[in-house]
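The values are calculated or read from the model by the stated rules, or taken from the named source; none is laboratory data. The model shown is predicted, which means the values in this text are computed figures rather than measured ones. Please note: Cβ atoms are built from the backbone with ideal geometry, for glycine as well, and neighbour counts cover all protein chains shown.
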Amino acid sequence: MHRQRLLSLLGAYRPHNAFDAEARDRIERFVREHPDCFERSLAIGHVTGSAWIVDSSRHRCLLTHHRKLDRWLQLGGHADGNPDALDVAMREAREESGLRSLRVVSAQIFDCDVHEIPARGSEAAHFHHDLRFLLEADPAEPLIVGAESRALAWVRLDEIAGRSGDESVQRLVAKTPGAIVG
């Protein structure tokens with residue numbers, strides 16, 4: 001079963017609070033109910049993979065100013081049929097930043113999030129069932145802004161609230177091990 005690895009990762013994920021538990025449960029139900037959950041063609045939603053990229057000190061993270069959503073967010077994107085969410089997160093991080101020094105801090109899910117993507121053009125509103133993984137990179141490595149971004153920036157964790165009011169990004173900051181915020 002191509003969904004089993006993801007279901008195992010979700011089963012091993014330990015929620016931090018009730019919101020976390022609900023997001024994990026929603027994603028697990030979605031994956032069980034939709035054999036095509038990794039396909040963008042599933043109009044009600046699909047699995048996505050994201051990278052929460054931090055520096056080795058855990059004081060900064062890399063954010064992208066998303067072109068379509070016009071918000072500062074973590075890097076990530078569609079699975080496009082790939083059932084390995086960590087591989088998706090790594091692929092998207094490389095494509096969207098040009099980084100090659102990426103290191104997986106843990107192969108376990110770092111965060112789960114379900115969020116609605118607004119209707120745009122002929123595409124109806126739908127949900128992204130997002131699995132986020134903790135990665136590390138060297139901020140000295142040059143960045144390459146991809147087509148999906150307006151900009152990339154290494155941002156101090158204690159300054160993210162001023163750049164991104166997105167609740168899910170704030171949750172990632174709070175979960176960052178060893179982070180010094182405020």
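Inside the range 12-59, can you point out the residues that are hydroxyl-bearing (Ser, Thr, Tyr), out of contact with any strand residue (DSSP E or B) (no Cβ under 6 Å at 6 or more places or on another chain) and buried (at least 17 other Cβ atoms within 10 Å of the Cβ)? The one that is hydroxyl-bearing (Ser, Thr, Tyr), out of contact with any strand residue (DSSP E or B) (no Cβ under 6 Å at 6 or more places or on another chain) and buried (at least 17 other Cβ atoms within 10 Å of the Cβ): 13.
Against the test of being within 15 Å of residue 53 (Cβ to Cβ), under 13 Å from the mean Cα position of the chain (by Cα) and not aromatic (Phe, Trp, Tyr), the options 89, 79, 85, 153 yield a single qualifying residue, 89.
The rows are residues; the columns are (1) modelled with pLDDT under 95; (2) touching a Leu at 6+ places or on another chain (Cβ under 6 Å); (3) over 25 Å from residue 21 (Cβ atoms); (4) of a type in the set (Asp, Glu).
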{"position": "70", "(1), (2), (3), (4)": "yes, no, yes, yes"}
{"position": "87", "(1), (2), (3), (4)": "no, no, yes, yes"}
{"position": "94", "(1), (2), (3), (4)": "no, no, yes, no"}
{"position": "106", "(1), (2), (3), (4)": "yes, yes, no, no"}
{"position": "115", "(1), (2), (3), (4)": "yes, no, no, no"}
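Looking across the range 3-33, the residues that are touching a Pro at 6+ places or on another chain (Cβ under 7 Å) and under 13 Å from residue 113 (Cα atoms) come down to 21, 24.
Taking each residue of the range 35-63 that is without any contact (Cβ under 8 Å) to a residue 60 or more places away in the chain and looking for partners that are crowded, with 21+ Cβ neighbours inside 10 Å and part of a loop (DSSP other than H, G, I, E, B) with beta-carbon atoms closer than 9 Å, six or more apart or interchain, yields 38/79; 39/79; 40/79. Looking at the range 127-140, can you tell me whether even one residue there is at pLDDT 90 or above, surrounded by 14 or more Cβ atoms within 10 Å (Cβ to Cβ) and among the basic types (Lys, Arg)? Within the range 127-140 (the criterion being at pLDDT 90 or above, surrounded by 14 or more Cβ atoms within 10 Å (Cβ to Cβ) and among the basic types (Lys, Arg)), the answer is yes, since at least one residue qualifies.
Please find, among 93, 51, the residue that is within 22 Å of residue 14 (Cα to Cα) and among the aliphatic types (A, V, I, L, M).
Working: 93 fails: within 22 Å of residue 14 (Cα to Cα).
The match here is 51.
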